[in-house]
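Report on the structure given below.
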Amino acid sequence: MKSPHPDIERVLIPTHEIQTRIAQLGKQITQDYKGESLVLVCVLKGAFLFMADLCRHIDLPVNTEFMAISSYGHATKSSGVVRILKDLNECIEDRNVLIVEDIVDTGLTLSYLVDLLATRHPRSLKVCTLCSKPQCHQREVKIDYCGFELPSEFAVGYGLDFKDFYRNLPFIGILKPIMYENDL
Ligand code: PRP
């Protein structure tokens, strides 16, 4: 199949598959939290597209919160040391909290966030990620809802970026190595 973008080697997950899977996740979450309300915590920037689509498939009273974080260290690798650029607006004590991520790579970011939010005494704390790279996990993190498992290649699109580009691609694809070789 012809690549839909000159910088993309191949499409990994086409748009329609992403949307179908998000609808399934939303339905599952709606069933699991039946009779409850939910705070969705979007981890910026990558998760903003996933959050926007996912919340429209959740038929519950939902609050939307946003955290902006930045990893220290090398630009293409997570160090696990996370600086909070924007914290939650509201208190999550005694609330059902669902962290919404675009990708769990090493798991260091998520591990930090789960530990941090747990100190705020939510009623429940779960994780929903669009993608996970199980081969890259360095930390054991419990993922309650996962859209797709990806290989350990450089994936971009649908929120996933390289140098803040490609987030707007409606599919997830593998970036051509020539695009990032000089940065490794
Ligand atoms: C990405 C992604 C996760 C994190 C996962 O964020 O959105 O938050 O990396 O990596 P890890 O499992 O190895 O910790 P990034 O810091 O690239 O910021 P972004 O969301 O703005 O792209």
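The values are calculated or read from the model by the stated rules, or taken from the named source; none is laboratory data. Note that this is a predicted model, so its numbers are computed, not measured. Backbone-built Cβ (ideal geometry, glycine too); neighbour counts: all protein chains shown.
Could you tell me which of the residues Ser71, Ser3, Ser37 is at pLDDT below 95 and either out of contact with any helix residue (DSSP H, G or I) (no Cβ under 7 Å at 6 or more places or on another chain) or acidic (Asp, Glu) (or both)?
Ser3
Results for (1) in contact with a Gly (Cβ under 8 Å, 6 or more places away or on another chain); (2) among the polar types (S, T, N, Q); (3) closer than 18 Å to Asp53 by Cβ, shown as yes or no for each residue.
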site	(1), (2), (3)
Glu140	yes, no, no
Pro151	no, no, no
Tyr158	no, no, yes
Lys176	no, no, no
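Of all residues in the stretch 34-54, count the ones that are buried (at least 19 other Cβ atoms within 10 Å of the Cβ) and either away from the ligand (no atom under 16 Å from the Cβ) or part of a loop (DSSP other than H, G, I, E, B) (or both).
Of the residues in that region, 4 qualify.
Sort out which residues of the stretch 90-112 are within 13 Å of the ligand (Cβ to nearest atom), touching a strand residue (DSSP E or B) at 6+ places or on another chain (Cβ under 6 Å) and either free of Cβ contacts under 8 Å to residues at least 24 places away in the same chain or aliphatic (A, V, I, L, M) (or both), and write them in order of number.
Selection gives Ile99, Val100, Ile103, Val104, Leu110.
Let me spell it out: the conditions are (1) within 20 Å of Ser71 (Cα to Cα); (2) away from the ligand (no atom under 11 Å from the Cβ); (3) in contact with a Gly (Cβ under 6 Å, 6 or more places away or on another chain), and Phe171 meets all of them except one. Which number is the exception?
Every listed condition holds for Phe171 apart from (1).
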